[in-house]
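In what follows, a structure is listed as structure tokens, so that the remarks can point back to it.
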Amino acid sequence: MDVHSLDLMIEYSYPLYRPPAEADNIIIQATYGCSYNNCTFCSMYKTKSFEVRDIEDVFRDVDTLAKLYPDARKIFLADGDALALDTNYLLKLLSYLKQSFVKLGRVSLYASAQNILNKSSQELEELKENGLNLIYYGVETGSDTVLKKITKGVNQSEIIESLNKASDAGLKISATVILGMGGIKYSDEHIKESAKIINETKVNYLSTLQLGLEEESKEKFYKHFSDFEMLSDTELLQEQKKFLELLNPTNKIIFRSNHASNALHLGGNLPREKDRLVQELEDAINVGEMAFVPRMFRGF
Ligand code: SF4
């Protein structure tokens, strides 16, 4: 089952995004758009205004999907930051999902630092106890300079605080860092400070994407980041190598770099397989373009 076959039964509001790991799972749209919608590099929800759907309409979608897929085990709540929803709304929805899908084992959603900091630790714990298991979180960069230039709306210490608040509540975290986010000028700072975030928190999954800018985002992006210069694929892999070298997590992390944007697909467990991952990057950098995923097969 994928988003396209579900579209025949549910009227989704497009564009509809979900993490790659949720490709085979049920998607329930509880919100439309992103409650922040102001990061300059992101064009995902620029055509939508943030909206909380009437919970009765969402329940109707759940009923339809439960009839069709009664054995579903994993559900993703869309759109861009469903953790922005009021905690009572989420608790009602989690309870409805539990009674509708008897084999349900995982509910996940996208969450921002702001969403997490706007909830109390008790609220996050309650959500976890009632079936919210996993949050997808875009770190993007740990550099305060770059966070300001991409108007992310949070600083490094708020990112660290929010990630630790979520993991302390028992929520699993899948985090992403964007290679190239600092451009050439802030590359070192971007990598060093992003590694600091991962080392000072307890994310369970980590992936690195390569920055890509949609045409319609460029004007706003460069307005705030006038000294930005895009890195080449080789420079991006050098960034990734430095990033991995600097990672010393205290917990186990499943690392993936297999997004459509990536010039090289990598995967392994950290810290155990760090040396092997660094070596694979070193080998690909030495071989050059021939070792990279051809551009025609990539996207962002
Ligand atoms: S990156 Fe995330 S928080 Fe920022 S505008 Fe896009 S969806 Fe919203």
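Structure data summary
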read-out: Scope the stretch 114-129; condition surrounded by fewer than 17 Cβ atoms within 10 Å (Cβ to Cβ) and either under 14 Å from the mean Cα position of the chain (by Cα) or not in a helix (DSSP H, G or I) (or both); matching residues; value: Asn118, Ser120
read-out: Meets criteria (modelled with pLDDT of 95 or more, on the phi < 0 side of the Ramachandran plot and away from the ligand (no atom under 16 Å from the Cβ)) for Leu179; value: no
read-out: In the stretch 11-32, the residues that are under 15 Å from the mean Cα position of the chain (by Cα) and within 16 Å of the ligand (Cβ to nearest atom); value: Leu16, Tyr17, Arg18, Pro19, Pro20, Glu22
read-out: Failed item in (1) farther than 26 Å from Asn258 by Cα; (2) crowded, with 17+ Cβ neighbours inside 10 Å; (3) within 12 Å of the ligand (Cβ to nearest atom), with Phe50 passing the rest; value: (2)
read-out: Complete set of residues in the stretch 175-203 that are surrounded by fewer than 22 Cβ atoms within 10 Å (Cβ to Cβ) and polar (S, T, N, Q); value: Thr176, Asn199
read-out: Options Leu65, Leu94: the member that is touching a residue at least 24 places away in the same chain (Cβ under 8 Å), farther than 21 Å from Lys172 by Cα and either under 22 Å from the mean Cα position of the chain (by Cα) or surrounded by 13 or more Cβ atoms within 10 Å (Cβ to Cβ) (or both); value: Leu65
read-out: Close pairs (7 angstrom Cβ cut-off, 6 or more residues apart or separate chains): basic (Lys, Arg) in the stretch 152-173, more than 15 Å from the ligand (Cβ to nearest atom) anywhere; value: Lys165/Ser121; Lys165/Leu124; Lys172/Asn133; Lys172/Leu134; Lys172/Asn204
read-out: Pairs where the first residue, in the stretch 45-59, is at negative phi and the second is charged (D, E, K, R) and outside any strand (DSSP E or B), C-beta under 7 Å, 6+ apart; value: Tyr45/Asp79; Lys46/Glu216; Ile55/Lys92
read-out: Any hit, the stretch 137-159, residues being among the charged types (D, E, K, R) and under 23 Å from Lys92 (Cα atoms); value: no
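The values are calculated or read from the model by the stated rules, or taken from the named source; none is laboratory data. Everything numeric in this text was worked out from a predicted model, so none of it was measured. Glycine also receives a Cβ, built like all others from the backbone with ideal geometry; neighbour counts cover every protein chain displayed.
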